[in-house]
Structure formats: structure tokens, C-alpha cells
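Asker: Just passing along the structure, written as C-alpha cells.
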Amino acid sequence: MTMSDTKQILADLVSFDTTSRNSNLELVSYVETYLARFGVASRRIPDLAGHKANLWATIGEYGDGGIILSGHTDCVPVDGQAWSTEPYALTEKDGRLYGRGACDMKGFLASVLAAVPEISRRKLSRPVHIAMSYDEETGCIGVRPLITEIARLGCRPSACIVGEPTSMGVVTAHKGGRAYRCSFEGLEAHSSLSPRGVNAIQFAARLVAIIDELGETLALGPHDPDFDVGHSTISTNMIEGGSAINIVPRACSFEFEFRNTADIDPDVLFDRIQQHADEVLLPLMRRKHPGASIRFEQIYEYPAFEIQDGHPLVKQARDLTGCNSRQKVAFGTEAGLFQRDLALPTIVCGPGSIALAHRPDEYVTIADLGACDAFIRAMCV
Ligand SMILES: [Zn+2]
């Protein structure tokens, strides 16, 4: 197998429009057929509606101690983006391969698949598992039933590589993420009689201020200088409420999110916010209107991920990639779920730059793909 195989496979993968809202089944069946050509059996773990599926395949003797090569099959939409190439047709120019998903993260999947013919002929010291998920871009949703299935199968892998774009750097940590919608329900009144109403916007604003104060506390530390923003953060990023200038608003809702480093417990952060709402604000609102309410709804969550710098998996990956710098990143991946739910040593390492992901004219360099091809072949022995 050569670079032209990786390129051809990447072109095939890019040609499937696997925007998260679409089915990924055509891509999945392409991969199944491809793997079968080399005697590699795979199985689907479908979503409830049967529109999408994860794929799980094993090369070598099934058993403990294997390595998981993991990637998501879905992509972000091209809607409203000004592409200068056709996003679903891989286009080569000046050592770069352009196309939706080329960087995030079909490039990695192509490298994995291109290595299959060679790896499947080897006498492997440990099994190689290929894990492909759906709905990563919408909150790491698809990989969860896949992880449940891996746990149910009872094989205990010993390492996982999540091939998100890191320009082949070895990433050892990312923050966790959570987002919530908070809805206040008060009581309408003519604005000239405002003391008779319960102003949902004003009560919501008090909670937004508490969230802001919490953010200032987080900024005091703990600090980790390996991140670009070296502490946990929290911010309110959406708000809506009210219906007219002369009506005391009955309803207001806002959305806030936090990004926590591994040493901050996101449950504790959320509890502090909810506690203030329930114990301080809600009694004040109910004094005037017993039907007043404050509701929280989680929009998404994914755990933080961190592996110790001295872990053998980190050392091995650094030796093989030649990339020795410490790298911790702001973006979230499925790595935190593999680590949390399977207690699995995990790194994030893949071709392409995250700075190009999700953008028009997304691309992966042929040099990065070549480095990834070599890395995968060296890891799977
Ligand atoms: Zn991705």
C-alpha cells in the first residue's frame, strides 16, 4: 500500500456527504466491503432509528491488550461556507488535499484503512481494533453506545488513539465541556405595575451575574500553562426573553457553557449555580407568584481527558512521530469518554490542523497523511 492508496480511500470517504444530520450508512457499508476484502470482519452498532451506525472491527486474535484506532465518520455542514473547490470531491493542489472532512477527520480514517492490507498479513503481538463513530460533531453522541458495546464484549484494550487533527502532534489532555439551557418563568404584568409581576429577565440576569463571578473565581486557578487558556472557564453565550417594552416579562432563558480542566469537577460547578437558583432566587420569585419556576436542561457534556506525560503510550507515540512538545488542546474529542468509561490510556494524534477544521477549503497535507500512514503501521505490530 502506498500514499496513492491512502489518497484514493480519502477521496472515496470524502465523496460521502456525512454531515451529522445525514445517514452515514453508505460510508459504513463502503468500509465494511473494503475490510472484508482483506478478511477483516466488522460489525455495526446502529442508532435507535437505524439511520446511522458505528463500526467496530478487529484485526488479529480477539482478546485483551489491543489498540483502538478511533475516528468519527460525520462532518460539519458546508452550509453558507464559500468553498473554492467542490467540498465532496477531493481536490489535490500543491501538496494539499481539499475536501469536507479531509482534515476533520477522514484523513485519519483513510490512513487507518490504507494500513489494513499490510497489518492484516502481520503476526500481531496485540489485536488492532478499528472504531468508527457517528454524531461526534453534535456532542460525542454516537461513540457512547459503541463504548458500551466494547465494554459488553469483555475484551480489554490497553490503548486508544483518537485521530483528531493535531498535525501529528501527541496531545495528552483536553478540557471537558458542558452546556446548559436555563429557563426562568415569572409573572407578566403591565409595566406601569411592575411590582405586581415577577420579572423573568431580571431574575435571570442575577443568575448570569453569579455565573460570571464563578468564572472570575475559576480564573484564579488552578492553572496549567500547557493549555492556551490555562484554567477552567464558564460563560453565558445566549439569552432571550420578553415580548414588549411595556410588559414585565414572564419568560427568559439563557444558555451557558463551561470548559473544565481535568482537576475541576464539573458537577460541583453546576451544583453551585443550581443551588443559588433554587435556594436564593426561586424563593424570592415564589413569594409573589407560587407558580414561578427555574429549570435547567443539559444541552451536551463530554468529559475532560488527560494522560500522564510519562505514560508508555505517550512515550511510544512521541518516539514514533518525533513530536516531543507537550500539547494540551482546547477542543473536545471522544478521548475523554474512552478514558472515563473504559479506563483506557488514550492519546489524540492525527493528520491535519484543527485550525483548518470546520472551515471552507479544509485540507490535509500529503506530508501529514504520509506521517500518519507510517505512525499507524509502526503502532500496529
Ligand atoms: Zn473531529
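Asker: Straight-line reach from LYS52: which aspartates and glutamates have Cα under 17 Å away, leaving out those fewer than 8 places along the same chain?
Answerer: Counting by Cα, and skipping residues close in sequence, LYS52 has these aspartates and glutamates nearby: ASP17, GLU26, GLU32, ASP74, ASP135, GLU136, GLU137, GLU149.
Asker: Let me ask another. Would you give the gap between the C-alpha center of segment 82-125 and the C-alpha center of segment 179-217, rounded to a whole Å?
Answerer: So the separation of the two Cα centres works out to 49 Å.
Asker: A further question on this structure: If exposed trypsin sites (Lys or Arg not before Pro) are those in a DSSP loop with at most 16 other Cβ within 10 Å, what is the longest stretch of the chain that has none?
Answerer: Result for the longest clean stretch: 124-325.
Asker: Between ASP226 and GLU118, what is the spin-label point distance in nm, taking each point 7 Å from the Cα along the Cα→C-beta axis?
Answerer: The two pseudo-label positions are separated by 2.9 nm.
Asker: Would you mind calculating the relative contact order of segment 284-381 from Cα pairs under 8 angstrom and at least 6 residues apart, reporting the percent as a whole number?
Answerer: Reported as a whole number, the value is 25 percent.
Asker: Could you bin all the Cα-Cα distances of the chain into 10 Å bins starting at 0 and give me the percent of pairs in each, rounded to whole numbers?
Answerer: 5, 22, 28, 21, 13, 8, 3, 0, 0
Asker: Still on this structure, please answer the following. Only four residue types carry charge here, +1 at the Cβ of Lys and Arg and -1 at the Cβ of Asp and Glu. Report the dipole size of the chain about the Cα centre in Debye, rounded to the nearest 20.
Answerer: Once rounded to the nearest 20, the dipole reads 540 debye.
Asker: Give a quick list of GluC sites (Glu not before Pro) in segment 50-139 that DSSP marks as loop, anything other than H, G, I, E or B, with at most 13 other Cβ atoms within 10 Å.
Answerer: Loop-located and lightly packed - GLU61.
Asker: Using the alpha carbon gyration tensor of segment 191-280, what are the three equivalent-ellipsoid semi-axes (square root of 5 times each eigenvalue), largest first, in whole Å?
Answerer: Ellipsoid half-lengths, sorted descending, are 33, 13, 9 Å.
Asker: Can you tell me, using C-alpha contacts under 8 Å and at least 6 residues apart, the relative contact order of segment 45-111 as a whole percent?
Answerer: Normalised by residue count, the contact order of segment 45-111 is 24 percent.
Asker: Restrict the search to segment 261-366; then list the chymotrypsin sites (Phe, Trp or Tyr not before Pro) that DSSP places in a loop and that have at most 14 other Cβ atoms within 10 Å of their Cβ.
Answerer: Qualifying residues, ordered by number: none.
Asker: Distance between Cα centroids, segment 313-381 to segment 5-66: provide it in whole Å.
Answerer: Taking the Cα centre of segment 5-66 as reference, the centre of segment 313-381 is 19 Å away.
Asker: What's the extension gain from THR33 to MET3 if we count 0.36 nm per residue and subtract their Cα-Cα distance?
Answerer: Value of the extension gain: 8.7 nm.
Asker: When the helix-only estimate is applied to the chain (DSSP H runs of n ≥ 4, each -39,500 (n - 2.57), divided by the residue count), what is the mean residue ellipticity at 222 nm, nearest 500 deg cm²/dmol?
Answerer: About -9500 deg cm²/dmol.
Asker: Under the 0.36 nm per residue contour assumption, what length would be gained going from the current alpha-carbon distance of VAL78 and VAL381 to full extension?
Answerer: Between VAL78 and VAL381, full extension yields 105.3 nm more.
No value in this document is a laboratory result; all are computed from the given coordinates. The structure displayed is predicted, hence computed values, not measured ones. Every residue, glycine among them, receives a Cβ derived from its backbone with ideal geometry; neighbour counts consider all protein chains shown.
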